[in-house]
Amino acid sequence: MTATTIGVIGLASLVVLILLRIPVAVALGLVGFFGYAALDGFARANLMISGVPVEFASTYTLSVVPLFTLMGAVAASAGLSSDLFQAGRVLFRGARGSLAIASIFASAMFGAVCGSSVATALTMSKVSIPEMLRAKYPPTLAAGAVAAGGTLGILIPPSLILMIYAIIAQQSVAKLFMAALIPGIILTALYSITALIYYRWLTGNAPEPEYAQRQNDTLVRSFARIWHVILLFGVTLGGIYAGWFTPTEAAAIGALGAILLGLMLGRHKLSDTFGCFFETIRLVSSLVFIVIASAVFSYFVVQTGVSNQLIGALKGIGLDAIGVIVAVCVLYIVLGAFLEGIGMLLITVPITLPLVLSYGYDPVWFGVLLVILIELGLIHPPMGMNLFAINAVTKEINIFDIYKGSAPFLIAPLLLIVLMIMFPQIVLWLPAQMN
């Protein structure tokens, strides 16, 4: 049996295990270990699997994950979302659909200190959906705006998905963060435009409800309440861009700053801080297990030469660079209907990354593209993790209305992908300016 045949059997086995609801980490580890053993014997496989955890545990890049995760946990615990929503509400006061746009703005700002899409969607659901329903907004729009805004949590840095991609693709965390910033701002604007058009389509020429405009705060006073969010984002990302800090140092400063600010402002107690530490340990330990298992799987895939065979086959049929990237996008959109984001990333990158690199694409550009494709999976059925997160905390809106409400917002990331393919400097310009 050839190495390629073993590789195809391994990939098919992985799909079957995942469909059987075997945890992604277990499925990756089992296929990686037994596949490697089929190629080189159990003695070599044992050596490989004993060395991988040590290799990854000693990776300096890995230390950025728990620190930024802790910063996000503290931000969620401190109740920043309400202040962010109120600031957005004042900023967009007078515009039709202002509460939906404010929700997207608040999600983007919250994502800048959180890094998790589902956490952003959950947090904003509790704050903005009740306000929109109270203002007689269509429930589909309320749910769709929050679901779409939640996806910004994994694009606007610090992004958990980008950190994981940096580890498995051996890319710079700092460059990936900078590369995602401009696309994140563009996507926020596209989501806001979508919300504006969707509101007009649902309500016709009806005026903005009086309750939505009832806001006595001034813009200065509203933004004064979120100075700590702006400070945290500015210090961490600004320090990375200016070359003052490495990403790990910036993450440590951000985590410590979030804790101190939360305590000084009375946003949470010391016991809440310990709770954030335990939540971070729980999340990061499961992530590390998954990443180690994906490394074992990557060793197996590299040994099989499946990626090289795929590259040769595609070049043999004359598929050009645009055709390949379109095919990759379609693949990820289909996979997003069945797999959650991190699992999809870890399973596919060992195969798709060598493919796109062989066609001349930049690995940093591809990393940002992957995040946007994963965002699509978060808001399209049937998997749609953000949709289920909203459904779990918002009993007033049924899951079918949430599906319906998220559909128009799928256009925005697709349009951003087209812009990125046409103008790759949208992604690559800012990293090139770094010190």
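The values are calculated or read from the model by the stated rules, or taken from the named source; none is laboratory data. Keep in mind it's a predicted model, so treat the numbers as computed, not measured. Because the Cβ atoms are built from the backbone with ideal geometry, glycine has one as well, and the counts that use them run over all protein chains shown. Note: areas computed on protein heavy atoms with side chains; ligands, DNA, RNA excluded. Shrake-Rupley method; radii C 1.70, N 1.55, O 1.52, S 1.80 Å.
Extension gain for Ile9-Leu202 works out to 64.5 nm (0.36 nm per residue, less the C-alpha to C-alpha distance). Calculate the FRET efficiency for Trp244 and Phe277 from the Cβ-Cβ distance with a Förster distance of 25 Å, rounded to the nearest 0.05. E(calc), rounded to 0.05, equals 0.40. Does the stretch 306-365 come out rounded, prolate or oblate, given a ≥ b ≥ c as the square roots of the eigenvalues of its C-alpha gyration tensor, rounded meaning a/c under 1.5 and, failing that, prolate meaning a/b above b/c? Cα axes put the stretch 306-365 in the prolate bin. Modelled spin-label separation between Val393 and Ser82, with each label point placed 7 Å from Cα along the Cα-to-Cβ direction: 1.3 nm. Normalised per residue, the accessible area of the chain is 41 Å², obtained with a 1.4 Å probe and no contribution from ligands, DNA or RNA. Sorted on the mean count of surrounding Cβ atoms within 10 Å across their residues, most packed first, peptides 155-165, 411-421 read 155-165, 411-421.
Each peptide in 22-29, 316-323 gets a packing score, the mean of other Cβ atoms within 10 Å over its residues, and the list from highest to lowest is 22-29, 316-323. The mean of 1/r over all distinct Cα pairs in the stretch 122-165, once inverted, gives the Kirkwood hydrodynamic radius of 11.5 Å.
Here the stretch 1-40 is treated as an ellipsoid with the same Cα gyration tensor; its semi-axes, largest first and in whole Å, are 19, 11, 5. For Lys395, a cut-off of 27 angstrom between C-alpha atoms picks up these lysines, skipping any fewer than 8 places away in its own chain: Lys126, Lys136, Lys404. Would any residue of the stretch 68-83 have its amide N under 19 Å from a label point 7 Å out along Cα→Cβ of Lys269? List them or say none. Answer for the stretch 68-83: 74-80. Among 105-115, 63-73, 330-340, 231-241, the peptide with the highest mean count of other Cβ atoms within 10 Å heads the list, and the full ranking is 105-115, 63-73, 231-241, 330-340. Entry for the stretch 254-358 at q = 0.21 Å⁻¹: log10 I(q)/I(0) = -1.10, Debye formula applied to identical alpha-carbon scatterers, no solvent contribution. The alpha-carbon atoms of the chain, seen along their principal axes, cover 72, 47, 43 angstrom, with the largest extent given first.
What Kirkwood Rh does the stretch 1-93 have if only Cα atoms enter the pairwise 1/r average? Answer in Å. Kirkwood hydrodynamic radius for the stretch 1-93: 17.3 Å.
Here the chain has 70 percent of its accessible surface on carbon and sulfur atoms, given a 1.4 Å probe and all protein chains in place.
Simple spin-label estimate for Leu260 and Leu47 gives 4.9 nm between the two label positions (7 Å along the Cα-to-Cβ direction from each Cα). With a Förster radius of 25 Å applied to the beta-carbon distance between Ser58 and Gln170, the computed FRET efficiency rounds to 0.95.
For the pair Ala313 and Leu414, label points projected 7 Å from Cα toward Cβ lie 2.7 nm apart.
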